[in-house]
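Data first, discussion second: the structure below is written as structure tokens.
The values are calculated or read from the model by the stated rules, or taken from the named source; none is laboratory data. The model shown is predicted, which means the values in this text are computed figures rather than measured ones. FYI the Cβ positions are ideal-geometry reconstructions off the backbone, even for glycines, and counts take in every protein chain you see.
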Amino acid sequence: MSDDSPAIREIRINPVVPSESVLVSTARGMRPRKAEDPAPRDTRKHVDRCPFCTGNETMTPPTIAAWPAEKDWRVRAVENLYPVLGDNSTASNLVFGLQQAIDGYGRHEVLVDHCEHGIALHEMSQEHVSLLIGAYQERMAALYAADPRIQYVLVFKNFGPAAGASIPHTHSQVIAMPVVPENVHNEVTNSRSYYEKHRQCIFCSLIDEALTFEAKIYDRASGAVRRQISVGQYVVERGEKFIAIKPFASRYEWEVHILPLEHRHDFLLLTPEEAEDFARVLRHTMARLDAVIGGAQYNFFLHSLPHSPEFSNCKNSYHWHLEICPRTSIPTGFELGSGLYVSTISPEDAARQLREVSL
Ligand SMILES: [Zn+2]
Ligand SMILES: [Zn+2]
Ligand SMILES: [Zn+2]
């Protein structure tokens, strides 16, 4: 917290998913959770016994796809050796979100993001990140096409042990699921209700607000300015076609979302030109996070309109995005029990710190 900003203590409701609220409490000593010791990052280029390193391709299940080609791969997709979902397994019921139990059929693939073992996303070349984004699109399209029972294809990445990455070699995962995950479902249905009321996409409204909003909030008793919201306060990085913003209310203190500036409902419709700008904004955002929180361990999740017919009327109301959730602390019992997350840094201050990093 910068010294001149007054302490904030308020509950902020996530405008898209109101059940995900956050208590922003920046007063010193209000830290109810334990900060995680940042584990040193594995920065080795090549590890002899790593199944994802070049030369060890026989240690993984067969390659499903490789980019640009199997022989000289730079990104490679393989079946997950320990899938959470597999073909026609009816025995295991899985729990996604809170209560949702489902039959465990679906597909689970791993994308080896880069042939270099310990490379961080912001250290990859711009061209490589574009290639990776294209690989996400290809696998997502193929999995939707392969089985009509698939309701959602989730692309996500766990980086670092704090984020649950069991294999240190940089990788992403693609899971084709027979249900829409609860948080995506909530986003889609809530934004549809918002659209029905306001004829406006709530994500587009949030982008507009991030770019243009200006307001003063006065203290009712004294009349003094309690909080001032100014232009660009939530903007972390701006590209030609994409924007990275720090949500006004978010579960994780350093959570950042990247969205297309123009309304787009489906990640699969991203053009190669747009993918380049997305790659640029993503790399810069990761570099900023890495500089501010030091060796970011994080999860990211791609949220795009599910392909099930139930949501075919949500093309104007849902806006695809990438949610980046750095893991800097362990949720406390209070947070897990109440569903109310606690942030000891204000989102405005977090955005400013990220913005101020010179790249
Ligand atoms: Zn490796
Ligand atoms: Zn929109
Ligand atoms: Zn989302």
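Values computed for the structure shown
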quantity	calculated
Test: Val153 is in a loop (DSSP other than H, G, I, E, B) and within 16 Å of ligand 3 (Cβ to nearest atom)	no
Pairs where the first residue, in the range 237-253, is within 14 Å of Asp208 (Cα to Cα) and the second is surrounded by 22 or more Cβ atoms within 10 Å (Cβ to Cβ) and small (Gly, Ala, Ser), C-beta under 6 Å, 6+ apart	Ile245/Ala210; Lys246/Ala350; Lys246/Ala351
Of residues in the range 207-233 being surrounded by 15 or more Cβ atoms within 10 Å (Cβ to Cβ) and part of a helix (DSSP H, G or I), the one modelled with the highest pLDDT	Ile207
Any hit, the range 283-299, residues being away from ligand 1 (no atom under 16 Å from the Cβ) and part of a strand (DSSP E or B)	yes
Long-range neighbours under 9 Å by Cβ, at least six apart or interchain, first residue within 14 Å of Ile64 (Cβ to Cβ) and away from ligand 3 (no atom under 16 Å from the Cβ) within the range 167-181, second of a type in the set (Ser, Thr, Tyr) and in a strand (DSSP E or B)	Ala176/Tyr152
The range 235-253, subset assigned to a loop (DSSP other than H, G, I, E, B) and within 16 Å of ligand 3 (Cβ to nearest atom), residue surrounded by the most Cβ atoms within 10 Å (Cβ to Cβ)	Lys246
Checking Tyr318 against (1) buried (at least 20 other Cβ atoms within 10 Å of the Cβ); (2) assigned to a helix (DSSP H, G or I); (3) in contact (Cβ under 8 Å) with a residue 60 or more places away in the chain; (4) not small (Gly, Ala, Ser), the condition it does not meet	(2)
Odd one out for Ile167, checked against (1) more than 26 Å from Tyr234 (Cβ to Cβ); (2) surrounded by 19 or more Cβ atoms within 10 Å (Cβ to Cβ)	(2)
Failed item in (1) within 28 Å of Leu305 (Cβ to Cβ); (2) in contact (Cβ under 8 Å) with a residue 60 or more places away in the chain, with Arg199 passing the rest	(2)
